[in-house]
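Have a look at the structure below, then the notes.
The values are calculated or read from the model by the stated rules, or taken from the named source; none is laboratory data. Keep in mind it's a predicted model, so treat the numbers as computed, not measured. Positions of Cβ are backbone-derived with ideal geometry, glycine not excepted, and every protein chain shown enters the neighbour counts.
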Amino acid sequence: MLTSYLVANAVILPASNWFARRFGRENFLLFCVIVFTVASFFCGAAPSLSIILLARVLQGASGGALQPLSQSILLESFPVKQRSQAMAACRSRILRGNKNRAPQQCTWATRWDPRTAAGAPWA
């Protein structure tokens, strides 16, 4: 399952710039967030391995574009002198969020919860 996610992620990374220029950054970002959320739901509700693999490919393809898109939108939103502060604030929040969520991710295998099984952002 991890390999399918990583391959789809690696394929979409170089193409994300082309998609962003073709459809617009904000539109493509919104599309990727929606596809990633729907794919996450299907990962949690999948009745078979083939559906999980398909959902993981969709997660990798949509999630792979989120990082470069969010960085480009962040850099475009701030003047040159404030970009480093904006990037630092964004990165520190991401690192803090991952650190605070680690106990939830470690206990997922022993305590099934639909919110954490789907990888929902509110879990």
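Mind checking which pairs have a first residue in segment 7-26 that is in contact (Cβ under 8 Å) with a residue 60 or more places away in the chain and surrounded by 11 or more Cβ atoms within 10 Å (Cβ to Cβ) and a second that is acidic (Asp, Glu) and assigned to a helix (DSSP H, G or I), Cβ under 8 Å, 6 or more apart or different chains?
Close Cβ pairs satisfying both conditions: none exist.
Return yes or no: is ALA102 of a type outside the set (Asp, Glu) and either at pLDDT 85 or above or part of a loop (DSSP other than H, G, I, E, B) (or both)?
On the way: of a type outside the set (Asp, Glu): yes; either at pLDDT 85 or above or part of a loop (DSSP other than H, G, I, E, B) (or both): no.
Here the answer is no, as ALA102 does not meet what is asked.
Only one of (1) modelled with pLDDT under 90; (2) loosely packed, with under 13 Cβ neighbours inside 10 Å; (3) of a type in the set (Lys, Arg) is not met by ARG83, so which one is it?
(2)
List the pairs whose first member sits in segment 78-104 and is more than 17 Å from LEU66 (Cα to Cα), whose second member is at pLDDT below 80 and not in a helix (DSSP H, G or I), and whose Cβ atoms are under 8 Å apart, counting only residues at least 6 apart or on separate chains?
Note: pairs meeting the criteria are GLN104/ALA123.
Of all the residues that make up segment 1-37, how many are modelled with pLDDT of 90 or more and among the charged types (D, E, K, R)?
2
In segment 32-53, how many residues are surrounded by fewer than 15 Cβ atoms within 10 Å (Cβ to Cβ) and either under 14 Å from GLY64 (Cα atoms) or not β-branched (Val, Ile, Thr) (or both)?
So the count comes out to 6.
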